[in-house]
Amino acid sequence: MGNSGQQRALDLVYAAGTPQELDAAYAAWAASYDRETAEMGYCLPFLVTAWVARHVPASAGPVLDAGCGTGLSGPAMRALGYGEVEGLDLSAEMLAIARSRACYTDLKQARLGDRLPWADDHFAAFFCTGVFTQGHAPASGLVELTRITRPGGFAVFTVRETIVEEGGFNAVFDELEQTGRWMPVERSGPFRAFAIDEPEVTVTAHVYRITG
């Protein structure tokens, strides 16, 4: 698939209006996703590991790759010494590829925004990139992710810059802070999600410490 095919796949993902359409878009893209996003210069699955390593000791306990897709972050996390990395994704086809990397201790099919299949306070941290973007997971998904992350743990995630306000993310950030669920640690300036293509797609990275 050339650049036009890559663009069509990405456009279908962004244009998905229902969970079923998003499922279908990712199922169709799964087999060629890694090669095509590499050609586009997609850097978020690798860059996020820098923020995780800055704040979360490798010995802290299990961490969650929330929206892990094909598991691009898994080998990088393993190389950095994180031996307990679990993952979730909505796409069974993408999870199958993630499983083949043999870098995850557990993988579950789940959708951000729904109730997640883990107990309270299970994780030392979660990280999430490329999911809080146009047509994807709602801001409310952060509330459930904080439930399954223990006090003292960390939330590390990116949000597409154009939806931080209109998608209700700032409101959720404030709600979780005001209710004592987390406190802000770090927020980046906007940067490109794709080093080569899609220069208009910029994101901000956020780090919060879970407090309750």
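Please treat every number below as a calculation from the coordinates, not as lab data. A quick note: this is a predicted structure, and the numbers were derived from the prediction, not measured. Cβ sites come from the backbone with ideal geometry, for glycine too, and all protein chains shown count toward neighbours.
Going from the residue with the fewest nearby Cβ atoms within 10 Å to the one with the most, ARG147, ARG54 rank ARG54, ARG147. Each listed q (0.16 Å⁻¹) maps to a log10 I(q)/I(0) for the stretch 41-210 from the Debye sum over equal C-alpha point scatterers, namely -0.89. When DSSP beta bridges are restricted to pairs lying wholly in the chain, around 45% turn out antiparallel. Here, the stretch 115-212 yields an orientationally averaged convex hull projection of 6.2 nm² when only Cα atoms define the hull.
Coupling constants for the stretch 43-55 follow from the phi torsions by the Karplus curve (6.51 cos²θ - 1.76 cosθ + 1.60, θ = phi - 60°), and in residue order they are 10, 4, x, 8, 5, 4, 5, 5, 5, 4, 5, 5, 10 Hz; glycine and proline get x.
Remark: the GLU165-GLU186 segment gains 5.8 nm on full extension, using 0.36 nm per residue and subtracting the alpha carbon distance. The order of PHE126, PHE132, going from fewest to most other C-beta atoms within 10 Å of their C-beta, is PHE132, PHE126. For the pair ARG147 and PHE46, the difference between a 0.36 nm per residue extended length and the Cα-Cα distance amounts to 33.8 nm.
Taking amide H as placed 1.01 Å from N in the peptide plane, the amide H of THR149 sits under 5 Å from that of ASP121, HIS122, PHE123, each at least 5 places away or on another chain.
The order of PHE46, PHE154, going from fewest to most other C-beta atoms within 10 Å of their C-beta, is PHE46, PHE154.
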